[in-house]
Structure formats: C-alpha cells, structure tokens
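**Student:** Take this structure, written in structure tokens, and hold onto it; I'll ask about it next.
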Amino acid sequence: MYRHYDEAYLLSIEDKERFWGEAGKDLQWYKKWDNVLDDSRAPFYKWFSGGKLNTCYNALDFHVENGRADQIAVIYDSPVTGTIRKITYKELLDDVLRFAGVLTSLGVKKGDRVVIYIPMIPQAMVAMLACARIGAIHSMVFGGFAPNELAIRIDDAKPKVILSASCGIEPKGPIPYKPLLDKAIEISSHKPEKCVILQRPQIKASLIKDRDLDWDTIMKDASPVDCIPVDATDPLYILYTSGTTGIPKGVVRDNGGHAVALKWSMKYIYGVEPGDVYWAASDVGWVVGHSYIVYAPLLHGCTTVLYEGKPVGTPDPGAFWRVISEHKVKVLFTAPTAIRAIKREDSQGNYLKDYDISSLKYLFLAGERLDPDTYHWASNLLHVPVVDHWWQTETGWPIAANCVGIEELPIKPGSPTKPVPGYDIRILDESGKELENEKEGIIAVKLPLPPGCLPTLWQKDDHYIDSYLKEFEGYYVTGDEGFKDRDGYIFIMGRVDDVINVAGHRLSTGEMEEIVSKHPDVAECAVIGVTDNLKGQVPVGFAVLKAGVDRKPEDVQKEVVGMVRSEIGPITCLNQVCVVPHLPKTRSGKVLRSTMSKIADGEPYRVPSTIEDPDVLKEIEEALKDIGYAK
Ligand code: COA
Ligand code: AMP
C-alpha cells in the first residue's frame, strides 16, 4: 500500500523488481517466477520469466473457489435487444469450462490461434476466456471492419478456428456478420479448419457444410476442460492496430505481466475494490474492451458491465446515466467522444434528472484528447472527478493517469496528469536529447516498458524494433508528441505519424491513401485528419485525377468513399474527398499533410520555405472551404 504517488512512482523506477514482484504476489501462480525482470535478451525484456500461471484461472476459478461464486461477474445490458442478463462468476465459469471443451474437441491446442469476430455479447467474453484457459492465443476483430481487414488479420494470425455470430446490432438495425466472415475467408490465403457460429435471434446465418458449426449445438455436448499452466511469457492474445501502412501491427500480450499490471491498475489507478461494479463503455474488439471490460475487472473480482448500445439513440442521451443508476456503477470509463455525443443532444443534462447516480465515484476518459470544454461540462454535470488518462493498444493499460487509488492529485484540464508507476516517460528532441520541462518534443518511454506492454509484434521481432525502438536506442517511441509542465504533468499534443483517432477508434490515413490511390482515375492523393466537434477527428481525402480524365468530381468522390468503406469498413468515416488540381508538396516531393490539416482547422500555419508552389495551398484552402472547413 502506497501513501503517496511520488513514493510509488520512485520505487517503480528505482527498484522495478521489488515493485512488480510485490504486485505479482496478488495473483495465483502454479510456479513462481525465476526473475521478475529478465533482461538477458534486451531490448526484448521479459517479465516474470520462469513463472507459470493461467489467466482464466485467476479471472474465474480463483474467485469461485474463494467466495465469489454467486457474485455477479458480468452484467450484460443491451438496449439494442432490450435485454439485461446478470451472470455470476460460477455461471460464467461453467460456460467457459464447456467452451474450452468445444475448442479442445476441434483440435485447438496451446499456442494455436483463434480469431474471434463477435459483437458485444457475453459469448465474446466466454470465447476469450476459454482460449486463455487452454493456452490458445485469441485475436479479436472489431465488428466495424470490412472483410478485407478481417482477411488481413486471418492471414497474419493463421487461426485454426474462427468464432463468430450471425450479426451485430447497431441502432439502425442488425448488421449481418456471417456474409462478412465468409467473404473474408474467401479472400484470405489462410483458411481456418472450422468456424463456430452463434445464431442470434435477429438474423439466422446460413452455415457452410463441413466447415461451420452451430455454437449452441456444439456447446450441448461439450465436456468441461480444466486450466493448463502456461509460461508467464506465453502470448495470451494478438490485437491488431493501425500503423502507418495498410498492414496492421499485431500487438502481442503475454500472460503474466498482463495479469499483474491489470490487477494492479484496478486498485491503484481506478481506485476500485473487489466486488465493485466497473464499467468500460467501449467495445471488446478494442484494447480498452480487452483490458477493462474483460480481463482487469475479472482478475480483480469486480462486476463488469458489458453494454451493447451507444451513448445516444439507445434510446436517448440518458442511456449512460440509466446504466450507472440501475447497476450501481462505481467507475465509468469511456471515450471523450461519447460524452460529446451526450452533450450535443442534452447540453443542459436534463436526462440526468431522472437517475440517481450517487454510486459513481469517478469518470475516466481516454482514447483521444480530452478537450477542456468536454472536461468542464462533464465535471459540472456529474460532480465527480473526471480523470483524463493516456494510453495505447501497445501498452494495454495507462501510461499517464491520475492514480486515484494511490493519491488523488489536483487535476489540470488538458493533461492526463503524471506518468503511471512503471513508465519512465521522457520528452526527446529529434536527435534523442532529453528536453527540459515545458519544452515540446517526442514522447518516449525509457526501456524497459513495465509489465503488460507489448513484448513484440506477432512473429515480427524486426518490425517491433523498427516501429518503436530503433529511432532512439534505449527508448520506446510512443508516436505521440507533447511536453511535461514544470510540475511534471504530461500534456499530449497529438500523433507525429499518420495515425488519427476517429471517435476513439485508431485509424491510419496512410492505409486510406493506399486504397484511394487504387482508383483507376486517381493520379495521386492525400488523406488528412481534421478536427471534428463530435468525433475528435475525421479523415478528409484529396484526389488529383489522371491527365485526360474527364469525369464529374462528385462521381469520383462517391466511388472513392465507397472503396474505403468496403475495404476498411464504415468506422473510417471518410465521407469527404475533394478533387483538386494539385497537392501541395515540398521541392523534394513530400506532401504537406500537416500544413493541410492546419488549414482545414483554421489554425495559423507557416508556408514552408521548401514548398514547390505556394499557390497550391490556396487551392486546398478553397476546396476545404467548399466542404465547410478552413474557416
Ligand atoms: N459493427 C458494425 N458496424 C459498426 C460498428 C460495429 N461494431 N460500430 C460502428 N459501426 C458502423 C456504424 O454503424 C456506422 O455506419 P454508417 O456509416 O453506415 O452509419 C459507422 O460504423 C460509424 O459508426 P460510429 O463511429 O459509431 O458513428 P455514429 O455516428 O454511428 O455514432 C457516436 C457516433 C459518438 C455515438 C459513436 O461513435 C460512439 O459511441 N463513440 C464512442 C466511441 C468509443 O466508445 N470508443 C471506444 C474507444 S475507448
Ligand atoms: P489506441 O491504440 O487506439 O488506444 O490509440 C492510442 C492513441 O490515442 C495514442 O497514441 C494517442 O494519440 C491517443 N490517445 C489515447 N488516449 C489519449 C489521451 N488521454 N489524450 C490524448 N490522446 C490520447
């Protein structure tokens, strides 16, 4: 137990082994680790090497054996289907035991990959935990991705089995998943041996003979399977995230460090105790869902809320307040976009008057920049601390936060507060020299990263080094820039690469450009992120047509928008593509994307001295004005 943030932070940096060794004792191990930190293959650091445990045992069996069998583990609250289902630890374990039996009967063994393409229903959690139980490596794919994206992940992870459902449900109605899955398997080179399909009542999927199995039927005959001990350093899952190209990065998560870090974070970052109700209003397909809908709350013996709905429209902007009051939620974690969506529809907070949300102690926000307006609006309305915290798919848990479970520090709007214990955050200039406080630069973490962060990219050690470690030896480069103020508070100013955050969803403009450039009439293109009042950022495309092409710009625009939607998915939200005569470039041919973003956002910008033709910036400004930007 730490009394002060400074004390905990200092210990975590100066005596890492003692700090994480203590935290490791909060889990159950079949065999204790030989080394807390193994640096024998640095920069591939390993945590708890030699240790053996099972993540599913720690998340379920342990609680059932220790007095929580009848405690609610999951509250499935689904306004889109009108369902509320409460599942105890014992009931969840029973399902997981049997689903582990299903996987085993299909020949899935330790180390095999299982792709999961299931929406926000309890079976998604059952599937993940069953994989963990038998040491199989799951790879979840978010439902808003198109078949092509699913196929890329299938080809990289090479799953033995794919688990899916007949549909997801969006406010506009059910979205059939099975045709998307079939299409993905058709275009992927790797083919799974079997697919297990859960038939939801809203849409019945047709099953392919000899390949597809019905979830409920196969579950009926399944025999329970016990946990198997795995190495702390064995992978638990792969989660793909956007990088700078069309090939997503397969972030690997290990078992031991992950379980230790997540359990620690529940108490010390979120201030939550076993038995409390914790709600991450995200999606199981994203890292927030993996960590804080599924693993962390269960590892900590909490009740987790699995919410299949939206902040607005299911049915109204009081939806979040209803869930908090009905289930006595202590901590809510969501993205700023969700709060902006509620604010847009109910700026006076009238819907809150119908609900008693006195159970709520903290609102945590992450996934994108928390703008001060949203921060103040939420604090004034809810009268609880609104805690901005900063993290990434790669780290799997927060890098900077107000660790309210240790000591609640004063909040500075616009800052996710201070480095979380374990993260030695440094601000570097372009030559790798550390900058003093108040100076803006590249945000890096001095190695080793703490437990729970990615040990590598799936079967691509070289790519891991190239993407994160090569630029500055001894540091992990986060891809964000920012500064520390004189009190050591961190301020995140944005990405240095072409990753954008749309409604808290991480997307690559580089990947979108690759698709736009495939259009037969497009000679060259650029996609930039522009500020959006609701979604934080949205992409806007620019296309220069090939010489001699004489087509209506709106036709090309429609086709390009359709291509990006069908190749990446509807969540890209690329709805605007401007057909322009030229792109602004430097004399060496580099497209001036960040200058274009500044013009779109109406921010002051400097015309680079290396620009090829300054007049092109005026053309871009005019095109942006035509679609409502650059004001
Ligand atoms: N499966 C299939 N399609 C999905 C999907 C899913 N799981 N999630 C989103 N989509 C589709 C939507 O139906 C929509 O399609 P459309 O263009 O055909 O209408 C498109 O993707 C964009 O969806 P969304 O980003 O949800 O936009 P929206 O305008 O429908 O809703 C918000 C706006 C703000 C309500 C919504 O973005 C939201 O809830 N944001 C919170 C984000 C969040 O929790 N992020 C997690 C990170 S921590
Ligand atoms: P993801 O991998 O989807 O979690 O996205 C990670 C990226 O989201 C980070 O690199 C940041 O650019 C951004 N991000 C996440 N949390 C915050 C935050 N609290 N403030 C600013 N940006 C954030």
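The values are calculated or read from the model by the stated rules, or taken from the named source; none is laboratory data. Here the structure is a predicted model, which means the values were calculated and not measured. So basically every Cβ, Gly included, is an ideal-geometry build from the backbone, and we count neighbours across all protein chains shown.
**Student:** Kindly indicate which of Ile185, Ile218, Ile197, Ile203 is in contact (Cβ under 8 Å) with a residue 24 or more places away in the chain, over 19 Å from Pro122 (Cβ atoms) and not small (Gly, Ala, Ser).
**Tutor:** The unique qualifying residue is Ile185.
**Student:** For region 524-550, enumerate the residues that are within 16 Å of ligand 2 (Cβ to nearest atom) and either among the hydroxyl-bearing types (Ser, Thr, Tyr) or assigned to a loop (DSSP other than H, G, I, E, B) (or both).
**Tutor:** Residues satisfying the conditions are Thr531, Lys535.
**Student:** Confirm whether Ile515 is away from ligand 1 (no atom under 16 Å from the Cβ) and either crowded, with 19+ Cβ neighbours inside 10 Å or assigned to a loop (DSSP other than H, G, I, E, B) (or both).
**Tutor:** It is true that Ile515 is away from ligand 1 (no atom under 16 Å from the Cβ) and either crowded, with 19+ Cβ neighbours inside 10 Å or assigned to a loop (DSSP other than H, G, I, E, B) (or both).
**Student:** Quick check on region 362-370. Is at least one of its residues closer than 30 Å to Gly494 by Cβ and out of contact with any helix residue (DSSP H, G or I) (no Cβ under 8 Å at 6 or more places or on another chain)?
**Tutor:** yes
**Student:** With respect to Val305, is the statement that it is in contact (Cβ under 8 Å) with a residue 24 or more places away in the chain, of a type in the set (A, V, I, L, M) and assigned by TED's automatic domain parsing to the domain that holds Tyr268 true?
**Tutor:** Yes: the conditions hold for Val305.
**Student:** A follow-up question, please. Checking Gly367 against (1) on the phi < 0 side of the Ramachandran plot; (2) within 16 Å of ligand 2 (Cβ to nearest atom): exactly one of these is not met. Which one?
**Tutor:** (1)
**Student:** Here are some conditions: (1) touching a helix residue (DSSP H, G or I) at 6+ places or on another chain (Cβ under 6 Å); (2) on the phi > 0 side of the Ramachandran plot. Gly548 meets all but one. Which one does it not meet?
**Tutor:** Looking at each condition in turn, Gly548 falls short on (1).
**Student:** Before we move on, is Val294 outside any loop (DSSP other than H, G, I, E, B) and modelled with pLDDT of 95 or more?
**Tutor:** Yes, satisfied.
**Student:** Confirm whether Gly289 is surrounded by fewer than 24 Cβ atoms within 10 Å (Cβ to Cβ) and either touching a helix residue (DSSP H, G or I) at 6+ places or on another chain (Cβ under 6 Å) or outside any helix (DSSP H, G or I) (or both).
**Tutor:** Here the answer is no, as Gly289 does not meet what is asked.
Here's the yes/no breakdown for (1) polar (S, T, N, Q); (2) modelled with pLDDT of 95 or more:
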site: Leu352; (1), (2): no, yes
site: Leu363; (1), (2): no, yes
site: Arg369; (1), (2): no, no
site: Thr374; (1), (2): yes, yes
site: Gln392; (1), (2): yes, yes
site: Thr395; (1), (2): yes, yes
site: Asn402; (1), (2): yes, yes
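**Student:** Another question about this same structure. Given (1) more than 21 Å from the chain's Cα centre (by Cα); (2) in contact (Cβ under 8 Å) with a residue 24 or more places away in the chain, identify the lone condition not met by Ala401.
**Tutor:** (1)
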